[in-house]
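What follows is calculated from the coordinates using simple rules that are stated; it is not laboratory data. Computed from a predicted structure; not experimentally measured.
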Amino acid sequence: MTYTTDTRFNPSTLATAVQDVTALFNCLSVDDKLGLLWFIYTETGRSITAAAPGTARLQLAEGLLNQVKALSFDEQLQFMRDLVANVDTPLTRAYGVFSPNTKLAFWYQLAELMKQGFVVPVPPGYTLSRDADRVFAAIKALDFGQQITVLRNAVVAMGVDPLAV
């Protein structure tokens, strides 16, 4: 009897794929990360809705979301850039105390607010850079659980944890 190994079901291979794609995401510029997050949430938003907001305590994020909505579009964009770049501000510290699932849900809600026009939208006709497009293709090639893990890894690393400073 001959046995073969199917690497698609090998847990270490699956973990390596998530680590590799997360590393690719982390190599992007701040603006490429923001653009990619927008594309991820708009393309996979329906799936993420079930995975993120249903499990997170969105009421914890509501206060920060309201503060962001009250900012001008320029200030909102600067907040998002600061968040991605881990710049220490009162708003990035507020984000830093969220749980991983709340951070995931925060970005989902931010994308929804962008679509609704309450938060600075992605410029019309925006396209991903070549590097960001490659990362997007790598994310789309993963299964849904891996996609969520990569996305969670990305958003958890953002902001400033005031307890770690």
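Below, the figures for the structure above:
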item	result
J(HN,Hα) series, the stretch 18-30, from Karplus relation 6.51 cos²θ - 1.76 cosθ + 1.60, nearest Hz, glycine and proline x	5, 4, 5, 5, 4, 5, 4, 4, 5, 7, 6, 5, 4
5 angstrom amide H check on VAL119, placed H, neighbours 5+ away	MET114
Anchor LYS33: aspartates and glutamates whose Cα lies under 13 Å away (excluding residues fewer than 8 positions away in-chain)	ASP82, ASP131, ASP133
Whole-Hz couplings from phi, Karplus 6.51/-1.76/1.60, listed for the stretch 73-90; x for Gly and Pro	4, 4, 5, 4, 4, 5, 4, 5, 5, 4, 4, 5, 8, 6, 6, 7, 9, x
Cα Rg over Rh - the stretch 61-119, Kirkwood	0.92
